[in-house]
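The values are calculated or read from the model by the stated rules, or taken from the named source; none is laboratory data. None of these values were measured; they are calculated from a predicted model. FYI the Cβ positions are ideal-geometry reconstructions off the backbone, even for glycines, and counts take in every protein chain you see. Calculation scope for accessible area: heavy atoms of the full protein, side chains included, ligands and nucleic acids excluded. Shrake-Rupley method; radii C 1.70, N 1.55, O 1.52, S 1.80 Å.
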Amino acid sequence: MLNRAVAPVINAIKSVEITKAAEQKLDNGIPLNVINVGSQELIKIEFLFAAGYVYQQSPLVASTVNELIDSGTHKMSACQIADAVDYYGAFLETEVAADFASLSVFTLNKHLDKILPVIEDVIKNAQFPDEEIALNITNKQQRFLVDEQKVNTVARRHFLNLLYGDNTYYGYLLKHADFEKVTKSQLVQFFKQYYNPATCRIIVSGKVSAEISTKLNAHFGGNDWLSQTSINQVNTISPNATKTGENIVLKQDALQSAIRIGRVLFNKTHPDYLPMQVLNTVLGGYFGSRLMSNIREDKGYTYGIGSGIASQKYSGYFFISTEVGVDVCADAINQIYIEINRLREEEISADEMELVRNYMLGSFLSTIDGAFALADRFKGIAIYDLDYDYYDKYLSAICNTTPKQLQELANKYWQKADLTELIVGKK
Amino acid sequence: MIKFEKFKLENGLTVIYHHDNSTPLVCMNILYDVGARDEDESRTGFAHLFEHLMFGGSLNIPSYDEPLQRVGGENNAFTTNDITNYYLTLPADNIETAFWLESDRMLSLAFTDKSLDVQRNVVIEEFKQRYLNQPYGDVWLLLRPLAYKVHPYLWDTIGKEISHIADATMEDVKSFFIKHYHPSNAIMVLAGNLSFDRAKQLSDKYFAPIAAGKKIKRNLPQEPKQNEARALSVERDVPVSAIYKAYKMCGRTDAKFHTCDLMSDILSRGDSSRLYNELVKKQKLFSDINAYLTADYDPGLFIVTGKLADGIKMEAADKAIADELQKLIDIKVEANELQKVKNKAESTLEFSEMGIMNKALNLAISELFGDAEMVNQEGEKYQAVTAENIQKMAAEVFNANNCSTLYYHAKAKA
């Protein structure tokens, strides 16, 4: 008879095999990283440029360039580009973040020859036609107005502003008037400066034959799109820019308030970053975390609460994020500090330590499962000029960080006086 | 092409097995054939609330999440109008823990008052977060009762109103479990790095002892044919007016479904699509426009929705959409355009077969629709659609008397 009260034996995760990207170089020096994994005849090609918004000279330039990269060249209109891509069942995805921008192409291998010339033209010769800029800005402005009504989005924007201030684009708070100021010449200039072989890396994943690398070299390895311009110096992140303590953006009719609590920390290259990931997981990094257990699963104050440590190229920050009923907002904040303080005052038990270790190891396995996931892990180190040993260190931090170290880190980085607190809604 | 094997336990549990040794993980996906459409009209939101309660401990195991996390697993679940689906992934070596956890909660829940009290609150906060405290969040709460008069699709999965969730009792919870949560009402898919023999052996060990429940024959009121144009105008504190047009169409298992799907692709898939080019780029009537299907099991909705550009009148926006739809009725789609959406459908299917979680869910849903093998026939069905099919379907669907329109007006600025 099966005894259902007894759990099956737990098998420790013995090995974690991460398939590494092979590094090649195109003839013009562009690094080409290949992750040849999978049996389906499809690939993702990501063109990664150091063209994030930290490099822009005025607001919205980096994002507008990225969004409009496929909006027309000398040879093709926006419409013709879209037709060509859609006809062959391919997908383009643009992404802009603080430190990088990218264009990703998803295609079946059998259509690659048709797609590559289009992508080549787009990446080398984007023109930014006036009417496309006007349309993009108008529609983006509308989305901005809608976003301003979402407590969660407003909280994210204002929180970064409180952490980093107005002087860097990590913290700049976008204003309605900024939309009027974008000019074509800014976009063209930024495109020339930041979308070229000197700032480019190509990551290709899926079923990638040697022939595909050769094709990428033929289309992107030439010297016809070299640029003499250099990258702007990024404004230094000043620790004095942070506004700590309580802050509120009032929304009188809110049913829920968005809460953010956190501080500027450091990025992946800092020795405390990895053990802090372990500490963060205990606090708010998984469903069984302290914050979820208390504020959702015990009190029922929220649909979800979590915390994270975001890494950027020139900085990093810790944040707690949730939306709670306005009637319980004050106590939710109170409970958040109770959980932070417990981690400062008491070591976590051996049992919880083992739980978090196993969870993190298993969770890491799913983040390296499949070609596209592996490409993302590579991107996660390439942006910071880190090597794969970063992941060895990550695994080692998961397995070897002790409860005592976690308590020390909590005391070092989670003093209330150092934290910034923001409520969007009402208390 | 997804290869799989299928077997049924004596208690009625359907098990589908798919082998993928390129991953160190296994995904277990359990689909229960119960959704918001199975709810009592005076107790809506219950299937979804129940999904939350499934994590509140089972007969022999006080916590669901903790033991799963302890073996390196992750899980989640979702509820739709048709189904409630639970899925987890974990390292292949620990697959037995998945069997242990899922079989125990299929056997019986712990039914603690604490879990019910807390999850009622959590779901009420979810209601606020996603439907009430968001611009345009209440659209589906308005559109469903406009489009449906008798079929239970007339309420959203979150429920008609917060009070239905607040009033849920333990007695309701228990009878819902007995009615819907048993082996013959479930489909289990195992996908990943696991041998067939082990899948079979563990299914027998953990699930076979569960008593067969009574498979209830669903007898839902079917929505009568709509014979008049319906409209609802609301004014909300949003910055931009929006329009939502809901046309009745066939259900997901109908032979004509793929025709409708390609029709929505022609209208709004990608930057080369008709609505985007004509109404956003050329006429500048909308800042954003979209066409999609609800893809429900029973006859569902073909939705066309857009946000109006600054200064554009609702009537002009409405007419422009109707004009674009009329073109599909008047003029046969050209071969090139049809080929384009077929190519897109082909690559979408190919990309959707990446990863064990996607494959497991697709297999489970296909099995619910009648046969897991349908997962491998989708491609042919798209390729078989003709321009004539589309023209005929457009005439059938895009009829003003078949449409419910929600005019969502931005409150005039003070």
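From the residues in segment A:161-179 that are in contact (Cβ under 8 Å) with a residue 24 or more places away in the chain and part of a helix (DSSP H, G or I), which one is surrounded by the fewest Cβ atoms within 10 Å (Cβ to Cβ)? Among those that are in contact (Cβ under 8 Å) with a residue 24 or more places away in the chain and part of a helix (DSSP H, G or I), it is A:176. Per the conditions (1) at the interface with another protein chain (Cβ under 8 Å from one of its Cβ atoms); (2) open to solvent by less than 10 Å² (accessible area, probe 1.4 Å); (3) among the hydroxyl-bearing types (Ser, Thr, Tyr), the sole criterion not satisfied by residue A:102 is (1).
Criterion applied to A:94, A:138 was being farther than 24 Å from residue B:262 by Cβ, more than 10 Å from chain B (Cβ to nearest Cβ), surrounded by fewer than 18 Cβ atoms within 10 Å (Cβ to Cβ) and among the β-branched types (Val, Ile, Thr), and the one residue passing it is A:94. The number of residues in segment B:178-206 being farther than 17 Å from residue B:104 by Cα and among the polar types (S, T, N, Q) comes to 2.
With A:39, A:77, A:58, A:15 as the choices, which residue is in contact (Cβ under 8 Å) with a residue 60 or more places away in the chain, hydroxyl-bearing (Ser, Thr, Tyr) and within 14 Å of another protein chain (Cβ to nearest Cβ)?
Values: A:77 fails: in contact (Cβ under 8 Å) with a residue 60 or more places away in the chain; A:58 fails: within 14 Å of another protein chain (Cβ to nearest Cβ); A:15 fails: in contact (Cβ under 8 Å) with a residue 60 or more places away in the chain.
The conditions single out A:39.
Residue B:51 fulfils the conditions (1) over 23 Å from residue A:367 (Cβ atoms); (2) open to solvent by 10 Å² or more (accessible area, probe 1.4 Å); (3) in contact (Cβ under 8 Å) with a residue 40 or more places away in the chain; (4) in contact with a strand residue (DSSP E or B) (Cβ under 6 Å, 6 or more places away or on another chain) except for a single criterion, (3). Looking across B:149, B:174, B:160, one residue alone is of a type outside the set (A, V, I, L, M, F, W, C), open to solvent by 30 Å² or more (accessible area, probe 1.4 Å), more than 16 Å from residue B:36 (Cβ to Cβ) and not in a helix (DSSP H, G or I). It is B:149.
If the condition is being within 14 Å of chain B (Cβ to nearest Cβ) and either of a type in the set (Phe, Trp, Tyr) or within 20 Å of residue A:162 (Cβ to Cβ) (or both), then segment A:257-283 contributes A:257, A:258, A:259.
Please specify each residue of segment B:216-253 satisfying the condition of being farther than 22 Å from residue B:313 by Cβ and either surrounded by fewer than 13 Cβ atoms within 10 Å (Cβ to Cβ) or aliphatic (A, V, I, L, M) (or both). Those that are farther than 22 Å from residue B:313 by Cβ and either surrounded by fewer than 13 Cβ atoms within 10 Å (Cβ to Cβ) or aliphatic (A, V, I, L, M) (or both): B:216, B:217, B:218, B:219, B:220, B:221, B:222, B:224, B:225, B:227, B:228, B:249. Close contacts from segment B:387-398, counting a first residue that is closer than 11 Å to residue B:326 by Cα and a second that is modelled with pLDDT of 95 or more, with Cβ to Cβ under 6 Å and a gap of 6+ residues or different chains, come to B:391/B:332; B:394/B:328; B:394/B:329; B:395/B:329; B:397/B:247; B:397/B:249; B:397/B:302; B:398/B:325.
Quick check, is residue A:265 open to solvent by less than 20 Å² (accessible area, probe 1.4 Å) and under 26 Å from residue A:401 (Cβ atoms)? So residue A:265 fails the test. Before we move on, is residue B:202 closer than 30 Å to residue B:398 by Cβ, in contact (Cβ under 8 Å) with a residue 40 or more places away in the chain and surrounded by 13 or more Cβ atoms within 10 Å (Cβ to Cβ)? Here the answer is no, as residue B:202 does not meet what is asked.
Taking residues in segment A:339-363 that are of a type in the set (Gly, Ala, Ser), and partners anywhere that are open to solvent by 50 Å² or more (accessible area, probe 1.4 Å), the pairs with Cβ atoms closer than 9 Å and at least 6 places apart or on different chains are A:362/B:74; A:363/B:74. Against the condition more than 18 Å from the chain's Cα centre (by Cα), at the interface with chain A (Cβ under 9 Å from one of its Cβ atoms) and open to solvent by less than 30 Å² (accessible area, probe 1.4 Å), how does residue B:121 come out, does it pass? Against the criterion (more than 18 Å from the chain's Cα centre (by Cα), at the interface with chain A (Cβ under 9 Å from one of its Cβ atoms) and open to solvent by less than 30 Å² (accessible area, probe 1.4 Å)), residue B:121 does not qualify. In segment B:132-144, the condition of being at pLDDT below 95 and either part of a helix (DSSP H, G or I) or more than 9 Å from chain A (Cβ to nearest Cβ) (or both) is met by at least one residue.
Sort out which residues of segment A:360-369 are open to solvent by 30 Å² or more (accessible area, probe 1.4 Å) and either basic (Lys, Arg) or more than 15 Å from the chain's Cα centre (by Cα) (or both), and write them in order of number.
In the first step, residues of segment A:360-369 are kept if they are open to solvent by 30 Å² or more (accessible area, probe 1.4 Å); the result is A:366-367, A:369.
Once the filter is applied, which keeps residues that are open to solvent by 30 Å² or more (accessible area, probe 1.4 Å) and either basic (Lys, Arg) or more than 15 Å from the chain's Cα centre (by Cα) (or both), segment A:360-369 yields A:366, A:369.
Just one of (1) surrounded by fewer than 21 Cβ atoms within 10 Å (Cβ to Cβ); (2) under 30 Å from residue A:356 (Cα atoms) fails for residue A:59. It is (2). When residue A:279 is tested against (1) outside any helix (DSSP H, G or I); (2) under 30 Å from residue A:391 (Cα atoms), just one condition goes unmet, and that condition is (1). Report whether or not residue B:70 is modelled with pLDDT of 95 or more and in contact with a strand residue (DSSP E or B) (Cβ under 6 Å, 6 or more places away or on another chain). Here the answer is no, as residue B:70 does not meet what is asked. Taking segment B:85-115 as the range and being crowded, with 19+ Cβ neighbours inside 10 Å, part of a helix (DSSP H, G or I), more than 7 Å from every other protein chain (Cβ to nearest Cβ) and of a type outside the set (Ser, Thr, Tyr) as the test, the residues that pass are B:95, B:98, B:99, B:101, B:102, B:105, B:106, B:107. State whether one or more residues within segment A:284-291 are more than 11 Å from chain B (Cβ to nearest Cβ), of a type in the set (D, E, K, R), closer than 30 Å to residue B:116 by Cα and open to solvent by 40 Å² or more (accessible area, probe 1.4 Å). The answer is no, given that none of the residues of segment A:284-291 is more than 11 Å from chain B (Cβ to nearest Cβ), of a type in the set (D, E, K, R), closer than 30 Å to residue B:116 by Cα and open to solvent by 40 Å² or more (accessible area, probe 1.4 Å).
Pairing residues of segment A:234-253 that are at positive phi with residues that are surrounded by 12 or more Cβ atoms within 10 Å (Cβ to Cβ), at Cβ distances under 8 Å and at least 6 apart in sequence or on separate chains, gives A:245/A:420; A:245/A:421. Filter segment A:18-36 down to the residues that are polar (S, T, N, Q) and within 14 Å of chain B (Cβ to nearest Cβ), then identify the one that is nearest to residue A:377 (Cα to Cα). Here the residue is A:19. Within segment A:316-332, being open to solvent by 10 Å² or more (accessible area, probe 1.4 Å) and either within 27 Å of the chain's Cα centre (by Cα) or within 14 Å of chain B (Cβ to nearest Cβ) (or both) holds for A:317, A:319, A:321, A:323, A:326, A:327, A:328, A:331. Of the residues that sit in segment A:1-12 and are among the hydrophobic types (A, V, I, L, M, F, W, C) and at the interface with chain B (Cβ under 7 Å from one of its Cβ atoms), which one is surrounded by the fewest Cβ atoms within 10 Å (Cβ to Cβ)? The residue in question is A:5.
Applying the selection to segment B:366-385, what residues are open to solvent by less than 50 Å² (accessible area, probe 1.4 Å) and either within 30 Å of residue B:88 (Cβ to Cβ) or away from chain A (no Cβ under 14 Å) (or both)?
B:366, B:367, B:368, B:369, B:372, B:374, B:375, B:376, B:378, B:379, B:385
State whether the residues of segment A:224-238 include one that is outside any helix (DSSP H, G or I) and touching a Leu at 6+ places or on another chain (Cβ under 6 Å). The answer is no; no qualifying residue exists.
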